[in-house]
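What follows is one structure encoded as structure tokens, with my remarks underneath.
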Amino acid sequence: MGTASKGLVGWHGQLFKRVIMELGLQGKSALVMASSKGLGRAVALELAQEGCEVLICGRDLTALKETADHIVKSTGTKAHFVVGDITQLEERDHICEEAKNKFGTVDILVTNTGGPPPGPFEVHDRKAWETAYRSLVESAVEMIRSVVPGMKAQNWGRIIMVTSQAVRQPVEGLVLSNALRGALTGLMKTLANELGPYQITVNNVLPGYTRTERLTKLIETNPKYGEAVNEIPLGRFGEVAEFGAAVAFLASQKAAYITGISLPVDGGWIKGI
């Protein structure tokens, strides 16, 4: 562990000093999808803290500017932003082009999207399924497609897909997420095998119940989600900084021999072995 500090940050209601973990990421480039807030923002901040130059993207220009400014002030590392909706082909291509212009080669790609709407099977029509597919699956496939050639050429890369604990244990009332995020697990395992010879690792990270706007909205929709804390062995919801740290570790040189896994960051909620 390093001892350098970049100020005090709140974590689980307490103050602690952000500490650089010395993960061998100094000077690397990272593209983090859907990163103006929530889990994506936490990941971008953690990667920047470890010395990565980051490019964040999202649909809200104001939020992106605020996040980029916060990253620069908090870490002293360069942070770029580009406005774009990753569910739209032209805007997704624009994000990829900006990444190439800024970095040449993207060293670390973190795919991330907002969760699809909740509800049981019967309430979702064909359009809802198509929209969820574009958001969760198609966006990840196309972003990965854009960075793989550069990673292969340099014989190094990290692809990390933010999915959900639902791929290991379905969550009641989240049929779209339960069904479609599972596809990313098969994609991850296949890519880990295909890209391993190029020293490119591919992993999924499965966030559990974490204090985000998404969780707040789910609880407002159905108070039962708030009761989920009683099913978590650690007895609390996760913090976004904890999730960001897990992703940063998988992106690091210290995790160079870890590929093809789905890492839960869920406080023990998943009951399976």
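Coordinate-derived values only; no laboratory data. Bear in mind the structure is a predicted one, so any value in this text is a computation, not a measurement. Ideal geometry is used to build each Cβ from the backbone, glycine not excepted, and the neighbour counts take in all protein chains shown.
Side notes on the structure shown:
- The loop-placed chymotrypsin sites (Phe, Trp or Tyr not before Pro) in segment 208-260, going by DSSP, that have at most 12 neighbouring Cβ atoms within 10 Å of their Cβ come out as 257.
- The chain - percent relative contact order, Cα under 8 Å, separation 6 or more: 18 percent
- Against the rule of thumb 2.2 N^0.38 Å, how large the Cα Rg of segment 17-116 comes out: 0.99
- Segment 219-273: trypsin sites (Lys or Arg not before Pro) in DSSP coil with no more than 13 other Cβ atoms inside 10 Å: 236, 271
- Fraction of alpha-carbon pairs over 12 Å apart in segment 187-233 - percent: 69 percent
- Relative compactness, the chain, computed as alpha-carbon Rg over 2.2 N^0.38 Å: 0.95
- Radius, Kirkwood style, for segment 110-248 when every pair of distinct Cα atoms is counted (Å): 16.2 Å
- Bridgeable lysines around residue 152 (alpha carbons under 28 Å apart, same-chain partners fewer than 8 residues away excluded): 28, 78, 100, 102, 189, 254.
- Computed over segment 178-273, the range of Cα coordinates on each principal axis works out to 47, 28, 27 Å, biggest value leading.
- Principal axis dimensions, segment 133-180 - Cα atoms, whole angstrom, descending: 43, 20, 9
- With a Förster radius of 35 Å applied to the C-beta separation of residue 145 and residue 261, the computed FRET efficiency comes to 0.95.
- Working from label points 7 Å from Cα in the Cα-to-Cβ sense, the residue 121 to residue 254 distance is 4.4 nm.
- For a paramagnetic label modelled on residue 270 (point 7 Å from Cα along Cα→Cβ), amide N atoms under 12 Å away are absent within segment 115-142.
- Taking a straight Cα-Cα cut-off under 18 Å and skipping sequence neighbours fewer than 8 places away in the same chain, the aspartates and glutamates within cross-link reach of residue 271 are 172, 227, 231.
- Spin-label pair residue 232/residue 138, simplified geometry with 7 Å Cα→Cβ offset, distance in nm: 3.3 nm
- Scanning the chain for long hydrophobic helices, with DSSP H runs required to stretch 15 angstrom or more by C-alpha along their axis and to average at least -1.0 on the Kyte-Doolittle scale, returns 38-49, 61-75, 139-154, 175-195, 240-251.
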